[in-house]
Each structure stands twice: as structure tokens, then as C-alpha cells.
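One structure is given below, encoded as C-alpha cells.
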Amino acid sequence: MEIDTEFDSVNAGSSYTYPLQAGAIKKGMYLMIKNHPCKVTDVTTSKTGKHGHAKAHFIANDIFTGKKMEELAPTSHNVDVPFVVRKEYQVLDAPDNDDFISLSDENGNIKEDLKYPDDINLKYDIIQKFNLGNGDTYVSTISALGEEMIIDFRIVK
């Protein structure tokens, strides 16, 4: 007798955030505020009140928009912290008539799905420096929650 069993595989994927106790969040760390990944610029804590919980007050900036955000949480409770990754890519082509830039990672893989930064001055600085050809142009990116953005660039001679 043959038993036919079939197992469905499920792609668990990886989460974009992880829990961390609010009291462990320090200035310079990242925190999710209203579903936005933010970099903490200031943390203040209040003493334990008559209801028993010390509170942490976070002031942070959205890493993609720069918008100032605030959050208040009991220090003993968990908050969501985004996985934030910084990468550097070499610029292969920087056309000024397109929204996308052509890049290569450290393994030589080509990336052509990244848009120029919204900061128009940064965009044209990258294009201008690349076209001058005074060295290799590299862009730095930051990514979180499946979104990636160019934040800076440098020239390597």
C-alpha cells in the first residue's frame, strides 16, 4: 500500500521589525513610530508614577522623509525596531533624463531599480560628479521595510 503525502512549503520570509523593550532604546537607535522607520534623536524617561510604569518619551526623525515624530511608551513594554541596512553601490551610469540610476554592488550585480534621491541638489551633484569622471562614484543607501533610498555619495580616485 502506497501512501501519498504532500507537504506544502511556506516561505516564512523575514520580518521587517523585531521587538525590543522600550527602556533599552537609546539615542541614535531606530524605532517604528506610526508605521514609519525613525532614527531616535532624543529619549527622556519619567519616574514610576502611582500607576507603576515609568514612561519613555522618544523624539525621532523618519529615515526616509526627515519628518519629526514622537512616541510615548512604558519602559517595560516592547516596541518595534526596524531592521535598517546601509549599503554602498558603484555608479555605472547616471543619466540626467531618467528617474533611475544604474548601479553595481560589491559582487558585480547590476541594480537598475533604484530611483535618484528626492533631494534635487544631491541628485544633480551625483550626476555632475559622475560625468566629470574624476574617479569612481559610489552612492550610499539606507533601506528598511522593503524600501531603499540614496542618502549620500562619494568619489574614489
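The values are calculated or read from the model by the stated rules, or taken from the named source; none is laboratory data. As the structure is a prediction and not an experimental result, all values here were calculated from the model. A quick note on method: Cβ atoms are made from the backbone with ideal geometry, for glycine too, and the neighbour counts reach across all protein chains shown. Side chains are part of the model used for accessible areas, which takes the heavy atoms of the whole protein and leaves out ligands, DNA and RNA. Shrake-Rupley method; radii C 1.70, N 1.55, O 1.52, S 1.80 Å.
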Partner lysines whose C-alpha sits under 20 Å from that of K129, ignoring same-chain residues fewer than 8 away, are K87, K111, K115, K157
The long-range amide H neighbours of F83, using H built 1.01 Å from N in the peptide plane and a cut-off of under 5 Å, are T17, Y18, L145
Checked against the structure, the computed Cα Rg over 2.2 N^0.38 Å among [x] 1.21; [y] 1.43; [z] 1.11 is the one labelled [y]
Taking Cα atoms, the helix 120-132 axis meets the longest principal axis of the chain at an angle in degrees (rounded to 10) of 40 degrees
Rounded to the nearest 10 Å², the accessible area of T48 using a 1.4 Å probe with every protein chain kept is 90 Å²
Using alpha carbon centers only, the stretch 96-157 is separated from the stretch 16-48 by a whole-angstrom value of 29 Å
1/(1 + (r/R0)^6) with r = Cβ-Cβ of D99 and N35, R0 = 30 Å, i.e. FRET efficiency to nearest 0.05, evaluates to 0.75
Whole-percent carbon and sulfur contribution to the accessible surface of the chain (1.4 Å, no ligands, DNA or RNA) stands at 47 percent
